[in-house]
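The values are calculated or read from the model by the stated rules, or taken from the named source; none is laboratory data. For clarity, every value in this text was computed on a predicted model and none was experimentally measured. We place every Cβ from the backbone using ideal geometry, glycine too, and count neighbours over all the protein chains shown.
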Protein chains: 2
Amino acid sequence: MKKNGILVVISGFSGAGKGTLVRKLMEKYDNYSLSVSMTTRDKRDGEEDGVHYFFVDHRKFEQTIIQDGLLEYASYCGNYYGTPKEYVEKQIAEGKDVILEIEVQGALQIKKKFPNTVLLFVTPPSADELINRLKGRNTESEEEIYRRVGRAIEEAEWIPKYDFLVINDDLDECVDSLHNIITTAHNAPGRQQDLIDKIKKELEVISKGE
Amino acid sequence: MKKNGILVVISGFSGAGKGTLVRKLMEKYDNYSLSVSMTTRDKRDGEEDGVHYFFVDHRKFEQTIIQDGLLEYASYCGNYYGTPKEYVEKQIAEGKDVILEIEVQGALQIKKKFPNTVLLFVTPPSADELINRLKGRNTESEEEIYRRVGRAIEEAEWIPKYDFLVINDDLDECVDSLHNIITTAHNAPGRQQDLIDKIKKELEVISKGE
């Protein structure tokens, strides 16, 4: 029986190390595909179309919404961000587990529409460590860091809606932990409906002495 | 932060190999404790009190019910069967994952009272394989085997209520799969409430500039 892949959403506090985790996960294991988001915001230096984002204009984005071509979308600061549906569905049908790194609202939007999605939330081991990592980046002002702490407080309220909470303390351990979680998530009954149906049918046949 | 263990309930079709799986799991990994059930039925040859069951009389069993000393109990063919609460709670507090092998009704009774329980359902890869294993035991009559198939059909309806469905095809692989599932189940947010509370509190402190 050919097994479908799973859609896996990774969210987490700013500074939790999501980007690095996802990259390492993709490098180490070959059963994953990375979903690339679509956005109307401008391309920044070093960003590539189709790698970091699919960069489109507002007209194209709104057409895609109307054609029901997105799993979820949201708008921030006048720009759209969304997840193209076609790529995800194709990869899942081919048995790949598709990784999608998005924030809390989008994650819950997807879980509501596709309950078999696995929602993972990544956190540093402590709030102090979160602050250290944000400061270590040297890209954010003190004010921006405190704004992110405020946002983390809001996000923490949504953690119970996630399927798994993972501590990113040691990077390699965390990558393996994510991989184990995703692997075992395939064992949820909702993700094995074909197997359940097959065994039920077989039992019925035996029971009727056919 | 000291981590509590989890209560893990293993159910499955008759002939799925639950008993062997549980024994192997206990032999291979040292983080498990096995919960021993209490019963009023007579001790059979080769059975030991405190190992296979705690054998008690009806009066003692009913006293235990009244004292709320059981996680769940049921009565079959005039005998009581139940899970003593004290042992399970003590082992969980010591960080052990407690394994409990019980049937579907008891499993769902426990999940309702203790939502953080992990419910695992074990199945052979096919109904034919189930029949082969039951016949291979040479202990059951043809009639008894068909009665068990009928029961399996009923039990199959309850699989979606379980957290995980595990195929017991290769024994060693299945033992490792059970171990991975139980290990990653610790990552559910509901089983890490202490961590969530700690980080929320730390973030609040930072946010207030204390």
With A:145, A:131, A:181 as the choices, which residue is in a helix (DSSP H, G or I), aliphatic (A, V, I, L, M) and modelled with pLDDT of 90 or more?
A:181
I need the full set of residues from the range A:55-109 which are of a type in the set (S, T, N, Q) and within 19 Å of residue A:121 (Cα to Cα), in order please.
A:83, A:105, A:109
Scanning for something of a type in the set (Ser, Thr, Tyr) and more than 14 Å from every other protein chain (Cβ to nearest Cβ), does the range A:86-103 turn up at least one residue?
yes
For the subset of the range A:37-70 comprising residues that are in a strand (DSSP E or B) and touching a Phe, Trp or Tyr at 6+ places or on another chain (Cβ under 9 Å), which member is surrounded by the fewest Cβ atoms within 10 Å (Cβ to Cβ)?
A:49
Report whether or not residue B:99 is touching a residue at least 24 places away in the same chain (Cβ under 8 Å), touching a helix residue (DSSP H, G or I) at 6+ places or on another chain (Cβ under 9 Å) and of a type outside the set (S, T, N, Q).
yes
Which condition number does residue B:115 fail, the rest of (1) in a strand (DSSP E or B); (2) within 14 Å of chain A (Cβ to nearest Cβ); (3) surrounded by fewer than 16 Cβ atoms within 10 Å (Cβ to Cβ) being met?
(1)
Which residue pairs have Cβ atoms under 6 Å apart, sit 6 or more places apart or on different chains, and have a first residue in the range A:1-27 that is among the polar types (S, T, N, Q) and a second that is in a helix (DSSP H, G or I)?
A:4/A:92; A:11/A:104; A:11/A:107; A:14/A:148
When residues of the range A:119-155 are limited to those that are free of Cβ contacts under 8 Å to residues at least 60 places away in the same chain and within 9 Å of chain B (Cβ to nearest Cβ), the one farthest from residue B:200 (Cα to Cα):
A:146
Qualifying positions in the range B:178-210 - among the small types (Gly, Ala, Ser), free of Cβ contacts under 8 Å to residues at least 24 places away in the same chain and more than 7 Å from chain A (Cβ to nearest Cβ):
B:209
Just the residues that are in a helix (DSSP H, G or I) and more than 9 Å from chain A (Cβ to nearest Cβ), please, taken from the range B:168-177.
B:171, B:172, B:173, B:174, B:175, B:176
